[in-house]
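Beneath this line is the structure, given in structure tokens, with notes to follow.
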Amino acid sequence: MTMAPELQFSLLTEPIIRYRRASDGETVKVCLPELFVALAVDQVHDYPSLRPHQRHPWHAFLVQLAAIALHQAERTAVFETVQEWRDALLALTPDDPDGAAWCLVSPPDRPALLQAPAVGGGVLDWKSEAYAADEIDMLVTSKNHDLKGSRARRAQPEDWLFALLSLQTQEGFLGAGNYGISRMNGGFASKPGVGVAAVGLPGVRWVRDIAALLARRDQTAEAHGLQDEGGLALVWLAPWDGLGSLSFAKLDPFYIEICRRLRLRCIDGKIMSVGTGSKAARIAAKELNGLTGDAWTPIDVEGGKALTITSNGFNYKLVSELMFGGKYQSPTAHNLDQPVSGSSLIFITQGITRGQGKTEGYHERRVPISPKVRGLLITNQKAQLERISGQRIAAIGEVRKLLWLALAVLFANGNSGDSTEGNKAKASKFSAPFEAAEDTRFFDDLNEEMEAADPGAQRLQWLLGLVNRAESVLTAAFNAGPRSGIQKYRAQSAALSRFHGGLRSDKFPIPDLVNHYRQQTIKRQEETSEHA
């Protein structure tokens, strides 16, 4: 067994990170300062090795790191050269001028990237070993059904980098000795990534978010009791014995945290990891409920806690609330007044749903922001958007409810009084895809109304389309209803009658539809009278 040199895989000098170049699609390998230069000129198309659930941690890391370096250098504009970035990053670790804190592998008693020095210097008694990069990632899946584990046994250094970052900046509580991060609401919660970006490549968003963080730095420090100057920004620089926690009040507003005692080692040319538990969380922030000033975390104002993603993910109801409602305080990265350089904007939501000892899916959604919507948001006219989106959400709910009732009649062989559990379950099963389909098109339809010359007419057309789509779900379910003789036609006729009768009832809570169908009835009666 051959041990590697003491310092290996430096992000400051070694081409560890791969990205696809925007100009020609060529894949290139660069060090971190070279990547920053490429991002600044918007030449990064994507990262071939980055897995979906690692996208937000990687973006946040690049933004926070650049913002920390720029603040210390007393400037707001990004550096233009590789050497400037290298010098600025190295200046963040004055106690390690050889760059040990930027290496994936360094002696255990010294900091390594996202790895705290082990007090006492030894890791020989650390029992948790991993030989595949994805073994240390934060994903936990039931019986390996969602995403197979321990597959990355031929991992490159960048795979270890992304997995390490995912673990240290978005993991939660996972049993005794395995504490989670400070930037989420409790050990079984999740860390969301919510922000705004210009349509296009990641470099523009990177520059925008850096500017947003720097502009609100003083405000973030004051609001959360953090150190505007002299605070600990790179948490992995501080030695960790696993017994105590760092004081939250001593951190920098842009702090990049770690949550686990883990060290990477290089044996026979291959990276592996060793880890051990701790008696306390790395940062003492349990009572904060995730209110840490994170630039991508919305805050539930009334509840006084950070947003936690449920198994429903970022459905149209939650995203509407995040964009237009008053329940959540928008995070720093959800800024709309930064220059766009002629591009349209999208609202981005990302995150993993976590539970006790498991994860329940990665969720990501990108919602276009139309020019008029952006204008209303910038001028703090959310009320109009909240009202319109709320009306649409309510309309979908009412039409789905009516669809459910009609389906229940169908499965009860046309008998509206038959409400057995089996029929209810079938009605729920067949009506669920209707709402799921409306979810996928919700914001495109909303933008059409907002940009329309006649919003009222556009809204009515949307309502009529909503009814047509619901009726299509109902008629498609006929094949699952009664199939024999007269019973079949009786059930189908009764279901359609329940559906259309409900739409025309004075009690139906969508007046625009009731009035429309009433006017249609009157018009047909007049035409019949004329022909008679």
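Mind listing the long-range amide H neighbours of Lys305? Cut-off is under 5 Å, sequence gap 5 or more, other chains count too, H placed in the peptide plane at 1.01 Å from N.
Asp300
If packing is taken as the mean number of other Cβ atoms within 10 Å per residue, what is the order of 24-34, 363-373, highest first? Walk me through the intermediate numbers first.
Numbers: 24-34: 15.7, 363-373: 18.0.
Output ranking for 24-34, 363-373: 363-373, 24-34.
Report, as a whole number in µm² per second, the diffusion coefficient that Stokes-Einstein gives for the range 382-531 at 25 °C and 0.890 mPa s using the Kirkwood radius over alpha carbon pairs. List each step's numbers first, then the result.
Values: Rh = 16.7 Å.
D = 147 µm²/s.
Among 218-227, 323-332, what's the highest-first ranking by average C-beta atoms within 10 angstrom per residue?
Peptide ranking by packing, descending: 323-332, 218-227.
Can you give the convex hull volume per residue for the Cα atoms of the range 254-333, as a whole number of Å³?
Values: hull volume 13.0 nm³, N = 80.
In the range 254-333, the Cα hull volume divided by residue count equals 163 Å³.
Only Lys, Arg, Asp and Glu count, each charged at its Cβ (+1, +1, -1, -1), so figure out the dipole size of the chain about its Cα centre, rounded to 20 debye. Kindly include the intermediate steps, with their values, before the conclusion.
Details: 59 positive and 60 negative charges, 441 e Å.
Charge dipole of the chain: 2120 debye, to the nearest 20.
Summing -39500 (n - 2.57) over the DSSP H runs of n ≥ 4 in the chain and dividing by its residue number, what mean residue ellipticity at 222 nm do you reach, to the nearest 500 deg cm²/dmol?
Working: 13 runs with 213 residues, N = 532.
Result for the chain: -13500 deg cm²/dmol, rounded to the nearest 500.
Return the label of the correct value of Cα Rg over 2.2 N^0.38 Å, as calculated from the structure shown, out of [x] 1.03; [y] 1.16; [z] 1.11.
[y]
In what sequence, highest mean first, do 162-168, 523-529 appear when ranked by Cβ atoms within 10 angstrom? All intermediate terms of the calculation are to be shown ahead of the outcome.
Numbers: 162-168: 24.4, 523-529: 9.6.
Ranking, from highest mean packing down: 162-168, 523-529.
Put a dot 7 Å past each Cα toward the Cβ at Leu243 and Leu124; how far apart are the dots in nm?
Label at Leu124, label at Leu243, 2.1 nm between them.
Give the residue from Ser370, Phe443, Ile510 lying farthest towards the positive end of the charge dipole for the chain; charges sit on Cβ (+1 for Lys and Arg, -1 for Asp and Glu) and the dipole is referred to the Cα centre.
Farthest towards the positive pole: Ile510.
Compare the Cα positions of Gly465, Gln391, Ala480 along the charge dipole of the range 382-531 (+1 at Cβ of Lys, Arg; -1 at Cβ of Asp, Glu; about the Cα centre) and return the one farthest towards the positive end.
Ala480
Could you tell me the relative contact order of the chain? Use alpha-carbon pairs under 8 Å, at least six residues apart, and round to a whole percent. Let's see the in-between values first.
Values: 935 pairs, mean separation 70.7, N = 532.
Averaging sequence separation for qualifying contacts and normalising by length gives 13 percent for the chain.
Bear in mind these aren't lab numbers, they're just calculated from the coordinates by the rules spelled out. Keep in mind the model is a prediction, meaning the values are calculated, not measured. Cβ sites come from the backbone with ideal geometry, for glycine too, and all protein chains shown count toward neighbours.
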